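To keep things clear, I will list the structure first and then write my remarks on it.
The values are calculated or read from the model by the stated rules, or taken from the named source; none is laboratory data. This structure is a prediction, so every number in the text was calculated from the model and none was measured. Ideal geometry is used to build each Cβ from the backbone, glycine not excepted, and the neighbour counts take in all protein chains shown.
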Amino acid sequence: MKTWLDAWPVFRQLTGSDPLGRGHAARSKATEQTVSRTATADRVAKSVCPYCAVGCGQRVFVKDEQIVQIEGDPDSPISRGRLCPKGSASKQLVTSPTRVTTVKYRRPYATDWEDLDLDTAMEMIADRVLAAREKGWQDEDAGKRVNRTMGVASLGGATLDNEENYLMKKLYSAMGAVQIENQARI
């Protein structure tokens, strides 16, 4: 006959075959009913952690097109399945209810900020980049054809990898910019 002591993990640990409490002694009804989020995922997508330039591999577990878990990718030669605390918490980037989904904007001479949706903000940025390019455009300099703009410049950050810097260089060069730098080389 089982007593209330049999349900107590410490009692099972001291009297049973699991003196270190790493197996049966540590389990409960709740433990038996627990199913990991990764076991119920519909699919697993491979990704790269967005926080720094190390490029740790991530496995993103998806169920019903929603991210349910992010773990380190053991197949990654860079991180071999490990993630730092920021990488381990990266699921919150897309699933947190406090995630910012709008852009704060303060119009010229205004005193208050307003929320803009991302599409509106991106259109405003594109319009301003094109206007700055046009305003600073030079066809010639000292009689030599240059086809460049002095109205647009780029300063990349250390979190960008080589591929991202390559694409940024191509983008800004195609726009006619000549002031393209990256702080990572400094």
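Structure summary
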{"item": "Count - residues of the range 50-77 that are closer than 29 Å to residue 157 by Cα, out of contact with any Phe, Trp or Tyr (no Cβ under 9 Å at 6 or more places or on another chain) and modelled with pLDDT of 90 or more", "result": "11"}
{"item": "Condition check for residue 158: in a helix (DSSP H, G or I), aliphatic (A, V, I, L, M), surrounded by 11 or more Cβ atoms within 10 Å (Cβ to Cβ) and modelled with pLDDT under 95", "result": "no"}
{"item": "Cross-chain or 6+ apart pairs with Cβ under 7 Å, the range 173-186 first and polar (S, T, N, Q), then surrounded by fewer than 14 Cβ atoms within 10 Å (Cβ to Cβ) and at pLDDT below 90", "result": "183/155; 183/157; 183/158"}
{"item": "Yes/no for residue 108 being under 29 Å from residue 67 (Cα atoms) and not hydroxyl-bearing (Ser, Thr, Tyr)", "result": "no"}
{"item": "Answer from 106, 133, 99 - the residue that is more than 24 Å from the chain's Cα centre (by Cα) and exposed (fewer than 12 other Cβ atoms within 10 Å of the Cβ)", "result": "106"}
{"item": "Failed criterion for residue 83 (all others in (1) in contact (Cβ under 8 Å) with a residue 12 or more places away in the chain; (2) aliphatic (A, V, I, L, M); (3) assigned to a helix (DSSP H, G or I) hold)", "result": "(3)"}
{"item": "Test: residue 163 is of a type in the set (D, E, K, R), in contact with a Ser or Thr (Cβ under 9 Å, 6 or more places away or on another chain) and not assigned by TED's automatic domain parsing to the domain that holds residue 57", "result": "no"}
{"item": "Residue match in the range 91-109 (condition: of a type in the set (Gly, Ala, Ser) and in a loop (DSSP other than H, G, I, E, B))", "result": "yes"}
{"item": "Looking only at the range 23-47, and only at residues there that are modelled with pLDDT under 90 and among the hydrophobic types (A, V, I, L, M, F, W, C), the one that is farthest from residue 86 (Cα to Cα)", "result": "25"}
{"item": "Single condition residue 71 does not satisfy, out of (1) touching a strand residue (DSSP E or B) at 6+ places or on another chain (Cβ under 8 Å); (2) surrounded by fewer than 13 Cβ atoms within 10 Å (Cβ to Cβ)", "result": "(2)"}
{"item": "Filter result for residue 138 (of a type outside the set (A, V, I, L, M), in contact (Cβ under 8 Å) with a residue 24 or more places away in the chain and assigned to a strand (DSSP E or B))", "result": "no"}
